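Here the structure is laid out as structure tokens; the discussion comes afterwards.
The values are calculated or read from the model by the stated rules, or taken from the named source; none is laboratory data. None of these values were measured; they are calculated from a predicted model. Don't worry about glycine lacking a Cβ; one is built from the backbone with ideal geometry, like all the others, and counts go over all protein chains shown. Remember, those area values only see protein heavy atoms, side chains included, never the ligands or the DNA or RNA. Shrake-Rupley method; radii C 1.70, N 1.55, O 1.52, S 1.80 Å.
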Amino acid sequence: MEKDAEAETESSTTNAAKQTVCDAAIRCFQQYGPQRTSMADIADEAGISRKTLYRLFDDRPTLIEHILNQRLNEMGAGVKSRLRQFKTIEDALIEGSIESVAAGRQDKLFSEIVREDTNHRVEQFMFRGTDTVRKNMMKIWSPVLEEGRKHDLVRNDLTNERIVDLIQNVHALLFIRDDYGDNDQRAFLKDFLLPAILKVRNP
């Protein structure tokens with residue numbers, strides 16, 4: 001029991017230290033821009049040594065991913081509450097997707113990191129995500145998919161996990177296509193996402 005308590009305290013301390021670093025990184029990003037901020041800048045802002053910083057985060061991309069995870073979690077909470085308001089699965093998939101992309105675009109820091117940080121891992125993060133992102137996406141979209149399955153609207157050959165993977169990839173693509181307005185996104189989702197997920201209805 002004592003060991004469990006010690007481990008829990010250590011984990012809590014580490015999480016607090018990571019949050020301190022993330023907050024410092026965000027302040028640096030806002031001041032200098034994500035691309036011009038170095039790990040040394042972040043360590044100075046957090047009031048720790050670079051050695052301590054690298055004990056918390058192996059490298060800069062790992063820190064970036066941690067921050068993006070946090071931003072996505074916050075955005076996801078708002079999208080999840082909105083999804084409950086759509087009356088059909090088609091509306092939830094189309095309008096909910098548009099709102100998800102809009103939330104990312106409206107988050108200035110999230111947008112700057114994704115657009116300016118020329119790092120392959122950031123690109124991979126957008127399309128592949130992380131375990132945390134996938135779990136949150138499942139929480140957001142599973143209720144919509146299960147409701148659709150009740151009405152025999154969702155393809156039986158696709159698991160919810162596979163569908164959420166498709167949704168995540170489509171959202172990443174639409175986020176990057178910043179030349180697409182809402183109507184362009186709506187048309188793309190109707191032509192691409194709905195047929196990928198929903199059963200073909202007989203006329």
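Please specify each residue of the range 11-63 satisfying the condition of being closer than 16 Å to Lys108 by Cα, in contact (Cβ under 8 Å) with a residue 60 or more places away in the chain and in a helix (DSSP H, G or I).
Of everything in the range 11-63, those that are closer than 16 Å to Lys108 by Cα, in contact (Cβ under 8 Å) with a residue 60 or more places away in the chain and in a helix (DSSP H, G or I) turn out to be Ile26, Phe29, Gln30.
Could you say which residue among Asp58, Asp41 is open to solvent by 60 Å² or more (accessible area, probe 1.4 Å) and either closer than 14 Å to Phe175 by Cα or acidic (Asp, Glu) (or both)? First the steps, then the outcome.
Working: Asp41 fails: open to solvent by 60 Å² or more (accessible area, probe 1.4 Å).
Checking each option against the conditions leaves just Asp58.
Would you mention how many residues in the range 156-170 are under 16 Å from the mean Cα position of the chain (by Cα), open to solvent by 20 Å² or more (accessible area, probe 1.4 Å) and not hydrophobic (A, V, I, L, M, F, W, C)?
Of the residues in the range 156-170, 3 are under 16 Å from the mean Cα position of the chain (by Cα), open to solvent by 20 Å² or more (accessible area, probe 1.4 Å) and not hydrophobic (A, V, I, L, M, F, W, C).
Take the range 109-125 and flag every residue that is modelled with pLDDT under 80 and of a type outside the set (Lys, Arg).
Selection gives Glu116, Asp117, Thr118, Asn119, His120, Val122, Glu123, Gln124, Phe125.
From the list Ile113, Ile89, which one is closer than 30 Å to Ser38 by Cα and open to solvent by less than 60 Å² (accessible area, probe 1.4 Å)? Lay out the reasoning, then the answer.
Values: Ile89 fails: closer than 30 Å to Ser38 by Cα.
The unique qualifying residue is Ile113.
Pick from the range 171-199 the residues that are aliphatic (A, V, I, L, M), open to solvent by 30 Å² or more (accessible area, probe 1.4 Å) and out of contact with any Lys or Arg (no Cβ under 9 Å at 6 or more places or on another chain): which of them is farthest from Arg115 (Cα to Cα)?
Top of the filtered list is Ala187.
Mind checking which residues of the range 44-55 are open to solvent by 70 Å² or more (accessible area, probe 1.4 Å) and touching a helix residue (DSSP H, G or I) at 6+ places or on another chain (Cβ under 8 Å)?
Glu45, Arg50, Tyr54
Please list, ordered by first then second residue, the pairs with beta carbon atoms under 6 Å, 6 or more apart or interchain, first in the range 160-178 and within 17 Å of Gln124 (Cβ to Cβ), second part of a loop (DSSP other than H, G, I, E, B) and small (Gly, Ala, Ser).
Gln168/Gly129
Output the helices (runs of 4 or more DSSP H) that fall wholly within the range 65-164 and possess 3 or more residues being of a type in the set (Asp, Glu), or say none.
Qualifying helices (runs of 4 or more DSSP H): 89-106, 131-150.
For Lys135, are the conditions met, namely being out of contact with any strand residue (DSSP E or B) (no Cβ under 9 Å at 6 or more places or on another chain), basic (Lys, Arg) and farther than 23 Å from Leu68 by Cβ?
no
Go through Lys108, Lys139 for me and flag whichever is open to solvent by 70 Å² or more (accessible area, probe 1.4 Å) and within 27 Å of Gly33 (Cα to Cα). Write out each step before concluding.
Values: Lys139 fails: within 27 Å of Gly33 (Cα to Cα).
Exactly one residue qualifies, and that residue is Lys108.
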